[in-house]
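Colleague: This structure is in structure tokens; I'll ask about it shortly.
Nothing in this text is a laboratory measurement; each read-out follows from the coordinates by a stated rule. Remember, predicted model here, so these are calculated numbers, not experimental data. As a convention, Cβ positions derive from the backbone with ideal geometry for all residues, glycine included, and neighbour counts pool all protein chains shown.
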């Protein structure tokens with residue numbers, strides 16, 4: 001086997017392995033996922049970077065076809081939901097994975113703490129307004145899951161309301177799937193120790209100070225409560241239509257490769273087709289030649 | 001001089017040359033710009049691709065600092081306006097130049113023919129709603145200039161209204177500059193022959209058919225009227241606060257390198273600074289170690 005073939009075969013094998021390796025389940029145990037592991041992948045950091053570049057190119061091509069198909073009426077959309085503890089690498093995923101895709105085909109929404117106006121509405125109101133149109137990859141940097149994560153941990157909503165929300169989310173996401181949306185939900189799973197190291201770097205480097213917030217350390221005090229809230233949210237909202245993938249994120253290169261591959265698999269599953277010409281090609285060629 | 005130094009010096013020289021080489025003027029003559037030329041640049045296609053990669057990295061770094069500064073209250077914004085005849089390469093600029101920037105710092109707006117609701121409002125209404133916030137690079141794929149270009153060529157608005165719009169645009173863009181927006185207006189200038197070749201390729205390749213529209217050929221019949229409309233619009237709205245750059249676009253690699261460099265120069269002109277820590281670094285380091 002030539003070197004080229006070899007480097008080609010790894011992402012192909014990983015493409016088949018990544019979904020089953022990372023998918024959650026109704027009795028999912030977060031403690032069973034090692035944040036420093038690389039499920040389904042046999043390579044190292046260097047090969048991971050090469051494979052990411054290859055998957056990125058593939059993603060770029062798939063996305064163009066996906067976008068083109070929508071011009072001819074194909075209704076499919078993709079929604080990638082990113083959830084994680086601070087420093088786990090959401091920003092890096094957006095930059096290095098979503099950055100590989102033509103910006104014209106991406107709808108990126110970052111959900112911060114709701115504004116006063118948003119807080120008056122149902123928690124899904126602002127989510128609904130940010131959904132991707134046909135041919136677009138929607139990316140949520142945080143999402144409606146904050147309303148069952150920080151709300152649970154910090155008691156921002158009563159327990160009954162949190163309960164109601166799990167069901168509301170399931171219904172909401174089932175409706176999305178019914179309307180041709182492929183939903184991929186990703187939890188980037190970082191260890192508490194790795195988070196300490198990343199926060200320490202933000203404190204160390206002057207060009208990273210702006211990313212640091214003293215409140216990040218407060219959140220570490222309730223780390224276990226967050227892990228519980230994630231586990232419950234994942235168990236309660238993992239469905240065939242809107243599955244959760246828990247991506248070990250202590251190794252940034254693995255997390256990026258895994259999310260890029262999950263996204264590429266979603267687009268391959270849609271199998272978008274180049275739209276056929278809705279005009280007479282030869283006639284237009286004659287007109288063009290005469291113009 | 002080592003090879004590395006040599007390859008570094010070209011984009012630096014080009015960075016200084018590109019603005020003066022491409023800037024329009026109040027008596028600008030579009031016929032004086034050769035669409036196949038490469039003003040200010042001494043390299044070829046291969047070096048252009050290498051230099052684009054380097055400017056892209058620089059752009060990525062500048063943009064991160066620019067975005068960071070806005071978190072600490074820096075008010076600066078950038079607005080890149082892209083105008084061109086069909087096939088001139090706006091899409092390629094977005095993909096290959098804007099694609100080099102973190103998607104989290106870009107606000108991309110594509111302006112198609114106005115909707116019925118938009119058409120009832122002043123032509124600047126929808127533009128106003130798409131402006132970038134502090135720390136963002138706004139990119140307009142087409143813009144309010146359509147309202148003095150296609151509207152003039154196709155008589156979609158009366159001549160007096162077109163006249164009024166030049167003044168309205170000047171005022172609008174002056175107000176943007178007053179509110180800390182660096183405005184860069186780019187016309188990608190393609191030749192009619194090169195457009196024929198690119199349209200022919202879209203007709204030739206099945207994966208490009210979706211990009212072809214028979215109406216594109218109709219527009220070729222009024223090519224000269226479009227060139228007149230561009231020249232007039234550029235003359236009437238080229239101001240120190242919102243300059244026009246006419247970028248020869250028959251060579252895609254040059255147009256991409258030129259726009260990337262113009263954008264990098266704009267960010268360098270803003271000279272964004274990393275925000276200082278608004279917390280006691282050592283105190284936070286102690287808290288973190290204990291967490």
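Colleague: For segment A:1-152, what does the equivalent ellipsoid look like in terms of its semi-axes, each the square root of 5 times an eigenvalue of the Cα gyration tensor, given largest first in whole Å?
Modeller: 30, 23, 13
Colleague: Over the Cα atoms of segment A:144-291, Rg to Rh with Kirkwood Rh, two decimal places?
Modeller: Rg divided by Rh gives 1.18.
Colleague: Label-point separation (nm) for residue A:164 and residue B:33, each offset 7 Å from Cα along Cα-to-Cβ?
Modeller: 5.8
Colleague: In a Gaussian network model over chain B where Cα atoms closer than 10 Å are linked, find which of B:206, B:163, B:29 has the largest mean-square fluctuation.
Modeller: Among B:206, B:163, B:29, the largest mean-square fluctuation in the Gaussian network model of chain B belongs to B:206.
Colleague: Taking only DSSP H segments of four or more residues, each worth -39500 (n - 2.57), what value at 222 nm results for the protein assembly as shown once the sum is divided by all its residues, to the nearest 500 deg cm²/dmol?
Modeller: Helices in the protein assembly as shown give a 222 nm mean residue ellipticity of -16000 deg cm²/dmol.
Colleague: Binning at 20 Å from 0, report for the protein assembly as shown what percent of all alpha-carbon pair distances ends up in each bin.
Modeller: For the protein assembly as shown, the pair-distance distribution reads 18, 51, 28, 3.
Colleague: Next question, about the same structure. Determine, at each q value in 0.14, 0.16, 0.20 (inverse angstroms), the log₁₀ of I(q)/I(0) that the Debye formula gives when each Cα of segment B:56-140 is one equal point scatterer.
Modeller: Calculated log10 I(q)/I(0) at the listed q: -0.56, -0.70, -0.96.
Colleague: Report relative contact order for segment B:168-291 in percent, whole number only (criteria: Cα-Cα under 8 Å, sequence separation at least 6).
Modeller: 36
Colleague: Given labels modelled 7 Å from the Cα in the Cβ direction, how far is it in nm from residue A:49 to residue A:227?
Modeller: 3.1
Colleague: If you don't mind, another one. Hey, what did chain B get for relative contact order, percent, Cα under 8 Å, at least 6 apart?
Modeller: 34
Colleague: Here is a follow-up. Hey, fewest Cβ within 10 Å first, where do B:211, A:120 land in order?
Modeller: In increasing order of surrounding Cβ atoms, one gets A:120, B:211.
Colleague: A further question on this structure: First obtain the Kirkwood hydrodynamic radius of segment B:14-271 from its Cα pairs, then insert it into the Stokes-Einstein equation at 37 °C and 0.692 mPa s, and state the resulting D in µm² per second as a whole number.
Modeller: 175
Colleague: So for segment A:143-219, what are the equivalent ellipsoid semi-axes in whole Å, largest first, each being the square root of 5 times an eigenvalue of the Cα gyration tensor?
Modeller: 32, 18, 10
Colleague: Cα axis of helix B:45-71 to longest principal axis of chain B: angle in degrees, 0 to 90, nearest 10?
Modeller: It is inclined by approximately 60 degrees.
Colleague: With angles folded into 0 to 90 degrees, how steeply does helix B:281-290 sit against the dominant principal axis of chain B? Use alpha carbons for both and round to 10.
Modeller: With both axes taken from Cα atoms, the answer is about 70 degrees.
Colleague: For residue B:180, place a label point 7 Å from Cα along the Cα-to-Cβ direction in every copy; what are the distances to the other copies, in nm, shortest first?
Modeller: 4.2
Colleague: I need A:123, B:28 ordered by Cβ neighbour count within 10 Å, fewest first.
Modeller: Listed from fewest to most nearby Cβ atoms, that is B:28, A:123.
Colleague: Roughly how far apart, in whole Å, are the Cα centres of segment A:60-117 and segment A:141-207?
Modeller: 16
Colleague: Residue B:283 label points, 7 Å along Cα→Cβ, one per copy: pairwise distances from this copy to the rest in nm, shortest first?
Modeller: 7.6
Colleague: Once the Cα atoms of helix B:252-270 and of chain B are each reduced to a long axis, what angle between those two axes, in degrees from 0 to 90 to the nearest 10, is obtained?
Modeller: 50
Colleague: Rounded if a/c is under 1.5, else prolate if a/b is larger than b/c, else oblate: which is segment A:105-196, with a ≥ b ≥ c the root eigenvalues of its Cα gyration tensor?
Modeller: Since a/c reaches 1.5 but b/c is at least a/b, the shape of segment A:105-196 is classed as oblate.
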